[in-house]
């Protein structure tokens with residue numbers, strides 16, 4: 001996405017949009033840590049139908065150089081729109097604090113997914129309750145920096 005000048009549309013959810021605005025305005029000084037010990041990043045995907053860039057804030061973990069995110073949507077029955085977008089186009093843009101970089105997204109599977117699920121439930125234990133609320137398997141996504 002390097003060189004793209006189109007402004008991303010922020011989440012329509014009020015508190016998430018406020019979080020993103022504060023994160024961007026302060027280079028992550030405010031907003032990187034959503035709650036004590038709970039880091040967040042900004043993910044920009046490309047709309048699968050519209051081609052519009054969409055940005056949201058998500059809790060993340062690390063696995064080596066990769067960033068990990070979870071498509072929980074609080075245990076809702078359907079995947080979040082941002083996840084459907086990255087399935088259609090895995091080239092995304094990530095901001096962690098004041099660093100912005102392109103990344104390639106992929107959904108973890110099998111033993112890797114189980115290992116990474118443990119990493120992410122250590123960061124945000126509520127993911128376990130979200131999984132109990134839904135029959136869908138909540139995806140764990142690996143974001144590998146590509147630039």
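I'd like the orientation of helix 110-123 relative to the chain: the angle between its Cα long axis and the longest Cα principal axis, in ° from 0 to 90, rounded to 10. Here the helix axis deviates by roughly 70 degrees.
Calculate, in nm to one decimal, what residue 135 and residue 115 gain on full extension: separation in residues at 0.36 nm each, minus their alpha carbon distance.
So the extension gain works out to 5.2 nm.
Between residue 99 and residue 49, the simple label model (points 7 Å from Cα in the Cβ direction) yields a spacing of 3.6 nm. Helices in the chain, meaning DSSP H runs of at least 4 residues, each add -39500 (n - 2.57). Divided by all residues, the mean residue ellipticity at 222 nm is -8500 deg cm²/dmol. Counted over the chain, the DSSP beta bridges are approximately 95% antiparallel.
With contacts taken as Cα pairs under 8 Å at a separation of at least 6 residues, the range 9-145 carries a relative contact order of 26 percent. Of the residues 72, 146, the one with the fewest other Cβ atoms within 10 Å heads the list, and the complete ranking is 146, 72. Directionally averaged projected area (the range 9-145, Cα convex hull): 7.8 nm². Suppose R0 equals 22 Å. What FRET efficiency, 1/(1 + (r/R0)^6) with r the Cβ-Cβ distance, do residue 84 and residue 30 give to the nearest 0.05? Between residue 84 and residue 30 the formula returns 0.15.
Listed from fewest to most Cβ neighbours within 10 Å, the set 98, 10 follows the order 98, 10. Among 36, 90, 77, the residue with the largest mean-square fluctuation in a Gaussian network model of the chain, with springs joining Cα atoms closer than 10 Å, is 36. Between helix 14-25 and the chain there is an angle of about 60 degrees, using the helix long axis and the longest principal axis of the Cα atoms.
Bear in mind that the values in this text are calculations on the coordinates, not laboratory data. What you see is a predicted model; the values in this text were computed from it and never measured. Every residue, glycine as well, gets a Cβ built from its backbone with ideal geometry; the counts of neighbours run over all protein chains shown.
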